[in-house]
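The values are calculated or read from the model by the stated rules, or taken from the named source; none is laboratory data. Everything numeric here is computed off the predicted structure, so don't read it as measured data. No Cβ is skipped: glycine too gets one built from the backbone with ideal geometry, and neighbour counts run over all protein chains shown. In case anyone asks, the SASA skips ligands and DNA or RNA and just uses the protein heavy atoms, side chains included. Shrake-Rupley method; radii C 1.70, N 1.55, O 1.52, S 1.80 Å.
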Amino acid sequence: MAKFKGVSLSDGISYGNIVKVKNHNQHIFFNFVEDKENEKLRVRKALTYAEEYQTALIEKYKDDEEIKNILTSYLYMIKDEDLLSKLNQIIDTISCQAEYAIQTEFENVINSMLLSESEYLKSRGDDLYSVMNKIIRVLSGNKNTDPNDLQAGSVIASDTISPIFLAGADVNKIAGIITSHSSPTSHLAIAARSLKIPMVTCSKEDLNKMQDDQIVIIDGTDGVVITNPSGLDMQYYDNLMCNLNAEKEKLERYKELEGKTIDGIRIAVQANVCSKEDVKWASTQGAEGIGLVRTEMLFHNMSKLPTMEQQMAVYKNIVENAPGKSVVFRLFDFSNEKDFYNIIGENGGNDSWGHRGIRVLLENEKVLRDQIRAILLSSEDGEITILIPFVSAPDEIMRVKYIVDEEYSYFMQNNIPVNQSVKIGSMIETPSAAILCDEIARQVDMMSIGTNDLIQYTLGTDRNSSGNISCSKAFHPAVLRFISMVADAGRRNHITVAVCGEAASDLKLTRILVGLGITHLSVTPDKIHAVKSEVEKHKFHDDVIFANNIMSCNTAMEAEAMVTIADL
Ligand code: PEP
Ligand code: MG
């Protein structure tokens, strides 16, 4: 038995087997082989496996015509007798191992695709690369790196795991996630919470000590990982799970209650969602509306941007299932770590930090227009907000509003019924937006503070990095001052100010946010009851005094300590 203490990134406790995810694609070096016939046999077996695998994938995506067609074209390629004879020829000529022959032939094809004039063919090169890697992995007996190969009860472990890996996996088979390079605000952690998968981040050293196939307990609530647990450990965690469930049950009554302080000041507790399933879950948890739809995460399984019609169908479904039909749709926040950026983000040069959100959308107006149309058409009567991501100046909002107005005119001229009262909101997640919050507030109906990015860009700290997360960076005086400034600007301009970053789900911050004047907290659906209960603990006036005291702290550590002491 070995016990590792890390940091909790997604609550919950589960058991499983460690699967070390290897993210890198290995380059195969030439090996001279004597038994060429054996290598040819291995090639044939690998292609048969790949054929079965590809057929299963086609079945999985049978409802998505586009993906299905792409996968089918690869299936034809794998089944092509020509491929087999070329591979045999390579083995015969240079006496290499099967893996090397496959790499050589596939890279030939991929390179000719990359050199082609057609953007479509170029983008397909990557897909073919993953088919090649799949076949090579099968040949070399390394089956664990493919999301489709996971067995039930897998606790996936790696330095980093791309959110796209999760999207490709059957998430019911993932019992837990362990990384050494993630933080609570990384998109992987956000996805894990949305999928209710316990997640812990630990040191690289500890991660290296964990081995493939070891039985493991992952305690995402306390940030603990136990490999090869003893019977006593199992018993302890069984009891703990019962106790946690009992505690959760105690909070169940908040499902029916509004968020309000003990003296009746309303604080709307809403839900952040990444999928249609999240919306349904949130409405059973008593969410008071959907405060943030991360729309770029809704279409994970698609290899191409969703069309206007595809988006409309998904948005419609969300509005229909949303509590009170109130939904804040954030426009696509494409960034270099999320899906689709490789399709439309290529003009960003090497600015991986700053080329995202509204900047990318304004460079791709057709994508922006299609999404705005899809949102306007998603409901005739819901309370809908279009939220603009990564705003850094009011003129970006003005350009979006101009496009929204043009789209409205188009619908009116063509007698197409649309929602006439869609609101416009701005994310406040860059220091420049926080500083210009008054100017921004005059342009919009609501502002939503994205603390995940606001912290990252204000403090100059990578949100994915696990360094220094023992003390919450949201307590940093600069961050709190920004939040306070934005809340004040909202009040002055009579508009709503929400917090939708992970800070809204952090119970240690609830009183402070309420005391600073935040009226809407958009949280992970799992945290709705706990946040409502935290809001209800104090009088509003006391929260204001408490927040003021916190604002006088010089350091994040001092502020956090003050909260801990107040809770004793
Ligand atoms: C944020 O930055 O706080 C936010 C809510 O947006 P995301 O986490 O999707 O970047
Ligand atoms: Mg953000």
Label-reachable residues, the stretch 359-379, where backbone N falls under 17 Å from a point 7 Å from residue 423's Cα toward its Cβ: 376, 379
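For the stretch 348-415, would you read off the P(r) tail past 17 Å as a percentage of all alpha carbon pairs?
So the portion of pairs separated by more than 17 Å is 46 percent.
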Cα gyration tensor, the stretch 169-217 - rounded (a/c under 1.5), prolate or oblate: oblate
Interchain or long-range residues, amide H under 5 Å from residue 387's placed H: 329, 330, 331, 425
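For the chain, which whole percent of the accessible surface, found with a 1.4 angstrom probe, sits on carbon and sulfur atoms?
Values: 12820 of 25010 Å².
It is 51 percent, rounded to a whole number.
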Accessible area (Å², 1.4 Å probe, nearest 10) - residue 281: 80 Å²
Heavy atoms of residue 410: accessible area, 1.4 Å probe, square angstrom to 10: 90 Å²
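Can you figure out the FRET efficiency of residue 494 with residue 159, using R₀ = 51 Å and their beta-carbon distance, to the nearest 0.05?
Values: r = 47 Å, r/R0 = 0.93.
The formula returns an efficiency of 0.60 here.
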Cα pair distances of the stretch 355-484 binned at 10 Å [whole percent]: 12, 38, 29, 16, 5, 1
Computed over the stretch 157-262, Cα set: Rg, Dmax in Å: 16.1, 50
Contact order relative to length of the stretch 163-274, as percent, for alpha carbon pairs under 8 angstrom and 6 or more apart: 17 percent
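What does the charge count near residue 83 come to, summing +1 for each Lys or Arg and -1 for each Asp or Glu among other residues with Cβ under 12 Å from its Cβ? Walk me through the numbers before you get to the answer.
Details: positive: 44, 79, 86; negative: 51, 80, 81, 82, 105.
Around residue 83, the surrounding residues sum to -2.
Quick one: of 276/401; 20/508; 316/527; 134/173; 196/280, which pairs are farther than 22 Å apart, Cα to Cα? Before the final figure, lay out each step's value.
Working: 276/401 27 Å; 20/508 34 Å; 316/527 25 Å; 134/173 19 Å; 196/280 14 Å.
The pairs that break the limit, which is 22 Å between Cα atoms, are 276/401; 20/508; 316/527.
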Spin-label model distance (nm) - residue 171 vs residue 32, 7 Å beyond Cα toward Cβ: 5.2 nm
Most to least accessible of 540, 165, 29 (protein chains only, probe 1.4 Å): 29, 540, 165
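Report relative contact order for the chain in percent, whole number only (criteria: Cα-Cα under 8 Å, sequence separation at least 6).
Details: 1053 pairs, mean separation 83.5, N = 568.
Over the chain, the number comes to 15 percent.
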Convex hull volume per residue in cubic angstrom - Cα atoms of the chain: 164 Å³
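How large is the Rg to Rh ratio of the stretch 471-568 when both quantities use alpha carbon positions and Rh follows Kirkwood? Could you put the intermediate results ahead of the total?
Details: Rg = 12.5 Å, Rh = 13.4 Å.
Taking Rh as the inverse mean 1/r over Cα pairs, Rg/Rh reads 0.93.
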Added length on full extension, which subtracts the Cα-Cα distance from 0.36 nm per residue, residue 228 to residue 313: 25.9 nm
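Taking only protein heavy atoms into account and a 1.4 Å probe, give the accessible area per residue of the chain in Å². Could the numbers behind the result be given before it?
Values: 25010 Å² over 568 residues.
I get 44 Å² per residue for the chain.
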Proximal charge balance of residue 369 [Cβ under 9 Å; K/R count +1, D/E count -1]: -2
In order through the stretch 199-206: 3J(HN,Hα) via Karplus (6.51 cos²θ - 1.76 cosθ + 1.60), integer Hz, x for Gly, Pro: 9, 10, 10, 9, 6, 4, 4, 5
Percent of Cα pairs exceeding the 29 Å cut-off, where the set is the stretch 204-347: 46 percent
J(HN,Hα) series, the stretch 475-489, from Karplus relation 6.51 cos²θ - 1.76 cosθ + 1.60, nearest Hz, glycine and proline x: 7, 4, x, 5, 5, 4, 5, 4, 4, 5, 4, 5, 4, 4, 5
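If each DSSP helix of 4+ residues adds -39,500 (n - 2.57) and the sum is divided by the residues in the chain, what number results at 222 nm, nearest 500 deg cm²/dmol? Write out the running numbers ahead of the final one.
Details: 23 runs with 274 residues, N = 568.
Counting only the DSSP helices, I get -15000 deg cm²/dmol.
Could you calculate the FRET efficiency of residue 551 with residue 250 from 1/(1 + (r/R0)^6), where r is the beta carbon distance between them and R0 is 41 Å, rounded to 0.05?
Values: r = 33 Å, r/R0 = 0.79.
Step by step, r from the Cβ atoms, then E = 0.80.
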Label-point separation in nm, residue 84 to residue 238, each point 7 Å along Cα→Cβ: 5.2 nm
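Just need the Rg to Rh number for the stretch 1-53, please, alpha carbons only, Kirkwood Rh.
Numbers: Rg = 20.1 Å, Rh = 16.5 Å.
On the Cα set of the stretch 1-53, Rg over Rh gives 1.22.
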Amide H contacts under 5 Å for residue 290, placed H, 5+ residues apart: 271, 326, 327, 328
Kirkwood hydrodynamic radius over Cα pairs of the stretch 251-323, then Stokes diffusion coefficient at 10 °C and 1.306 mPa s, in µm²/s: 117 µm²/s
Inter-label distance, nm, simple model (7 Å from Cα along the C-beta direction), residue 541/residue 204: 5.5 nm
